[in-house]
Amino acid sequence: MNTVTSASDWNIWTAQGEALAHTHRNLLWDIADWLERGVIEFGDAAQEIALVQFGRSKGELAEAMDLAKRFPADSRHAGLSYTHYKLAAKLPDSEATAILDDAAKTGAAVAVVRKQVAKIRETEGGDIHRQMASIPQEQLVDEWYDAAVKLLNRAPNGAEGRRDVCESFSEVDFRMVY
């Protein structure tokens, strides 16, 4: 096992770790802010460059840009990670702000914010399965049927397009309805 050779070496090494942790916490923010400026300046070509440079999915980059727009750099708490904001984004603005302000004051970990967000969403009816369970089965079936008819009527390529739509609907899990 290695031992620390000097306090100076230890301090340098731990300072580097702190810098890396800061970079890690802010990397997606930095990418999103940079990408947003690029899209404004250069259009869609900026997104294509970002996809190549960072190896992240288009969806992940779009999500990061959406978060950066919702939570501009000047409103972000320095001690909170991108993940804190990603979780809080599931809530309306006023609740998200309250959760984030509290997390910044208390130094709450991501796991704490995750639990707070889940609790708020649960008490506000965020659980879609519970919402669907409260709808009469006949209404669910009627709404599904209406949606299927609308899709079939809009299906391209005549009978073949309708067959594709029917195959898509056959994959739906009806156990949640019955």
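Please specify each residue of segment 8-42 satisfying the condition of being under 24 Å from Gly55 (Cα atoms) and aliphatic (A, V, I, L, M).
Scanning segment 8-42 gives Ala19, Leu20, Ala21, Leu27, Leu28, Ile31, Ala32, Leu35, Val39, Ile40.
What is the residue count in segment 40-51 for residues that are over 17 Å from Leu28 (Cβ atoms) and aliphatic (A, V, I, L, M)?
So the count comes out to 2.
Output the residues belonging to segment 32-44 that are more than 21 Å from the chain's Cα centre (by Cα) and surrounded by 11 or more Cβ atoms within 10 Å (Cβ to Cβ).
Selection gives Gly38, Phe42.
Among (1) under 21 Å from Pro92 (Cα atoms); (2) polar (S, T, N, Q); (3) exposed (fewer than 14 other Cβ atoms within 10 Å of the Cβ); (4) modelled with pLDDT of 70 or more, which single condition is Gln137 missing?
Status for Gln137: all satisfied but (1).
Quick one: is Leu61 assigned to a helix (DSSP H, G or I), touching a residue at least 40 places away in the same chain (Cβ under 8 Å) and surrounded by 11 or more Cβ atoms within 10 Å (Cβ to Cβ)?
For Leu61, the condition - assigned to a helix (DSSP H, G or I), touching a residue at least 40 places away in the same chain (Cβ under 8 Å) and surrounded by 11 or more Cβ atoms within 10 Å (Cβ to Cβ) - is not met.
One line per residue, one yes/no per condition, for (1) part of a loop (DSSP other than H, G, I, E, B); (2) within 17 Å of the chain's Cα centre (by Cα); (3) loosely packed, with under 14 Cβ neighbours inside 10 Å:
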| residue | (1), (2), (3) |
| --- | --- |
| Ser8 | no, no, yes |
| Ala15 | no, no, yes |
| Arg25 | no, yes, no |
| Ala46 | no, no, no |
| Ala50 | no, no, no |
| Met65 | no, yes, no |
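Can you confirm whether Arg56 is in a helix (DSSP H, G or I) and among the basic types (Lys, Arg)?
Spelling it out, it is not the case that Arg56 is in a helix (DSSP H, G or I) and among the basic types (Lys, Arg).
Give the number of residues within segment 67-100 that are loosely packed, with under 13 Cβ neighbours inside 10 Å and in a helix (DSSP H, G or I).
Result for segment 67-100: 6.
Please verify whether Trp29 is over 18 Å from the mean Cα position of the chain (by Cα), aromatic (Phe, Trp, Tyr) and in a helix (DSSP H, G or I), treating the condition exactly as stated.
Criteria not met by Trp29.
The values are calculated or read from the model by the stated rules, or taken from the named source; none is laboratory data. Remember, predicted model here, so these are calculated numbers, not experimental data. Positions of Cβ are generated from backbone atoms using ideal geometry, with glycine treated the same way; all protein chains shown enter the neighbour counts.
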